[in-house]
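**Student:** Right, I'll just put the structure down here and ask away after.
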Amino acid sequence: MENSDFVAVEPLHPLLAEGVKARQTRPAFPDIGPEAAKALFEAMQGNPSGQPEVAGTEETTVAGAEEPLSARIYRPEASAEQPPLIVYLHGGGFVLGSYDTHDRNARRLVNATSALVVSVNYRLAPEAPFPAGANDAFAAVVDLAGRAAELGVDPERLFLAGDSAGATLAIAAILAGRDGRGPDLAGLVAFYPVTDMTAIGAGVSYEAFGDGSVGLSEADMIWFRDLYAPDPADWNDPRCSPLTAELADLSGFPPTLVITAAYDVLAEDGALFAARLKSAGVATAHLHVEGVNHGFIGAPNPPPATLATYEAVADWMKSLG
C-alpha cells in the first residue's frame, strides 16, 4: 500500500473537528479503566436529542453463544414488499458500546435503505474476551435468519453490517458460517473495520493519525486489543485479525462493501482487507471517504459526507438486486 493512497485530499470537516476537540476535554479511556470508560462512553454517545425518526422500534432478544442477547428492532416505513433485513453490530473497541450508543447509526441506516434493522448487544470485554463477541455475532445472525417470517422481511435479502469492532465481528461471523454452517447472506457492509491486531501501530495510517489528534489513537487501539484479546496467540486467529484468513476461507464471502475514513488509524486495515477479498474473488467495493474521521457515520451533527455514505450503502444494496 503506497503512502499516497492515504494522503488526505480534503481537510477534516469542521463539524467533526469540533467533536474531536470536545472528546479531548474528557479523560482518555485507558486512563480510567474499563468500567468507568463504559459509563463515560454511554454518557457521551447515548444522547437521544436530534435522533432521526423511524417508523417504530421495539426491544427483543436474540440467541447468543451462551445466553440470550438484548437487541433492538428498527422498522422502516411500510412498503408493498418485504424489506431487507440488516443485522447491525455496534462499534466500541470490543469493550464499549451498546445499541443505545449507536442508536443514531441504526436509524440512519433504516431511513437510507428502507431495511428493517436489528441492532444486537453482544458480550463485551474484559468480562467476555475473545472469542465471545465473535461467537455471539454468529449465533445472533443464525437466529435472526431463521426469524425472517416473524420479522416480515425478505429471507433472500439478509445483510450483515457493523462499524469498527462491530465490523470485525461481522466478518468473524461470516468466517464462522463458511462451508454452509451459516445462513446465506446477500451482503456485508463493513464500516472502518479492525482487520489486523498484529499490526496495531504499524503502517501509514497509524503513522499519520496514531497520536489521537483526529480521534481514535494508537494507545486506544492497544488498550482495546489487550482487553479483548489478552493472549497474543489469538491475534493471528482470523476471527480476531481477518487479514490472516486464507483466501480459500474468504472466497465464500457475500458481496462486500468496505468503507474507510480518510482521517483514521484503521484506514489501511480496511483498504488491505478489501484488496484481500478481491484477491479471493469476492465481489468487493471499497468506498474511501474524504474529510471524515473514525466514527463519522454516527456524528450527532453530521457533515454532508455522513449522509452521503448512507446513501451509498443504499445504492450498493439496490445494485445487488
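**Student:** When the Cα centres of segment 8-46 and segment 256-297 are compared, how far apart do they sit, in Å?
**Tutor:** 22 Å
**Student:** How do 80-87, 33-40, 117-124, 165-172 rank on mean C-beta neighbours within 10 Å, highest first? Intermediate values should be presented prior to the final figure.
**Tutor:** Working: 80-87: 18.5, 33-40: 15.4, 117-124: 24.9, 165-172: 29.2.
Packing order, densest peptide first, comes out as 165-172, 117-124, 80-87, 33-40.
**Student:** Any idea how far the Cα center of segment 161-190 sits from the one of segment 225-241, in Å?
**Tutor:** With segment 161-190 and segment 225-241 each reduced to a Cα centre, they are spaced 18 Å.
**Student:** Mind listing the phi-derived Karplus ³J(HN,Hα) values for segment 66-72, rounded to whole Hz, using 6.51, -1.76 and 1.60 with θ = phi - 60°, and x for any glycine or proline?
**Tutor:** After applying 6.51 cos²θ - 1.76 cosθ + 1.60, I find 10, 7, x, 10, 6, 8, 10 Hz.
**Student:** Along segment 306-321, what does the Karplus equation 6.51 cos²θ - 1.76 cosθ + 1.60 (θ = phi - 60°) give for ³J(HN,Hα), rounded to whole Hz, x for Gly and Pro?
**Tutor:** Calculated HN-Hα couplings, in order: 5, 5, 5, 5, 4, 5, 5, 4, 4, 5, 5, 4, 5, 5, 7, x Hz.
**Student:** Would you grab the residues whose amide H sits under 5 Å from the one on residue 259? Only those 5+ places off in sequence or on another chain, please, with H modelled 1.01 Å from N.
**Tutor:** Under 5 Å from the amide H of residue 259: 190, 191, 192, 287.
**Student:** Using Cβ counts within 10 Å as a stand-in for footprinting exposure, how do 197, 44 rank, fewest first?
**Tutor:** On the way: 197 26, 44 15.
Placing the least packed residue first, the sequence is 44, 197.
**Student:** Going Cα to Cα from residue 21, which aspartates and glutamates come in below 20 Å? Please leave out same-chain ones fewer than 8 positions away.
**Tutor:** Straight-distance partners of residue 21: 10, 31, 42, 211, 218, 220, 264, 290.
**Student:** Restricting the count to DSSP beta bridges whose residues both fall in the chain, what percent are antiparallel, rounded to a multiple of 5? Kindly include the intermediate steps, with their values, before the conclusion.
**Tutor:** Working: 11 of 37 bridges.
Of the beta bridges lying entirely in the chain, close to 30 percent run antiparallel.
**Student:** Among all the aspartates and glutamates, which ones have a C-alpha under 14 Å from residue 278's C-alpha, if same-chain residues fewer than 8 places away are not counted?
**Tutor:** Output for residue 278: 246, 249.
**Student:** Using the eigenvalues of the Cα gyration tensor, what equivalent ellipsoid semi-axes result for the chain when each is taken as the square root of five times the eigenvalue, whole Å, largest first? Please report the intermediate quantities before stating the final value.
**Tutor:** Values: eigenvalues 138, 98, 84 Å².
Value: 26, 22, 21 Å, ordered largest first.
Each value in this text was obtained by applying a stated rule to the coordinates, not by laboratory testing. Predicted, not measured: the structure shown is a model, and the values here were computed from it. All Cβ positions, glycine included, derive from the backbone under ideal geometry; neighbour counts span all protein chains shown.
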